[in-house]
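The values are calculated or read from the model by the stated rules, or taken from the named source; none is laboratory data. Everything numeric here is computed off the predicted structure, so don't read it as measured data. Cβ coordinates were reconstructed from backbone atoms using ideal geometry, including for glycine residues, and neighbour counts include every protein chain displayed.
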């Protein structure tokens, strides 16, 4: 497995070794010893799979203490633009956005530490896999509005399809004013 650091500390892109032959291909998404090498403090406890039609934007979502989530995400079928925002207290990259394409063709995974808002846009009809370090807790969920002017994310979709919940999320400044998260 190739491990690529990103400009944001702790955020990693992984490219697994793909074993191909005339039947198709095989790859490992998760192998605990490898992930223990990457970060021995994270234990993954919940797996999720979502389907999103082309044009859907999900996020930017965040779980608060004590249900913060580190995630490993990948695309089983399709193609997405995966987007994260560093919201870790005291981080030198607080408020910075990172995005990358995840697809069933490139087989990449993104390892997201706790303290990041996360979302994606479906560039094709897509099945999206999440491995999470904490169980989902609706009362500890918050997020940032997908079209926050300060973040200026190019989701690469026209007329995005959004949930009612995602349309009602606050912008980053409002989230900071609520003291839900703090840069320091």
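The table for this structure:
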item: Contacts under 9 angstrom Cβ, first residue in region 88-103 being touching a residue at least 40 places away in the same chain (Cβ under 8 Å) and at positive phi, partner in a strand (DSSP E or B) and crowded, with 18+ Cβ neighbours inside 10 Å, 6 or more apart; result: 95/85; 95/86
item: Among the residues listed as 148, 158, the single one being touching a helix residue (DSSP H, G or I) at 6+ places or on another chain (Cβ under 9 Å), assigned to a loop (DSSP other than H, G, I, E, B) and more than 22 Å from residue 43 (Cβ to Cβ); result: 148
item: Residue 59 over 18 Å from the mean Cα position of the chain (by Cα) and at positive phi; result: no
item: Residue within region 33-56 that is in contact (Cβ under 8 Å) with a residue 24 or more places away in the chain, closer than 17 Å to residue 79 by Cβ and loosely packed, with under 11 Cβ neighbours inside 10 Å present; result: yes
item: Considering residues of region 58-86 that are buried (at least 24 other Cβ atoms within 10 Å of the Cβ) and in contact with a helix residue (DSSP H, G or I) (Cβ under 8 Å, 6 or more places away or on another chain) only, the residue modelled with the highest pLDDT; result: 85
item: Subset tally (residues that are touching a strand residue (DSSP E or B) at 6+ places or on another chain (Cβ under 9 Å) and not in a strand (DSSP E or B)) for region 126-145; result: 8
item: Hits in region 5-16 - residues which are loosely packed, with under 12 Cβ neighbours inside 10 Å and either part of a strand (DSSP E or B) or at pLDDT below 90 (or both); result: 5
item: Positions within region 101-125 being in a strand (DSSP E or B) and either under 19 Å from residue 17 (Cα atoms) or in contact with a helix residue (DSSP H, G or I) (Cβ under 9 Å, 6 or more places away or on another chain) (or both), in sequence order; result: 101, 102, 103, 109, 110, 111, 117, 119
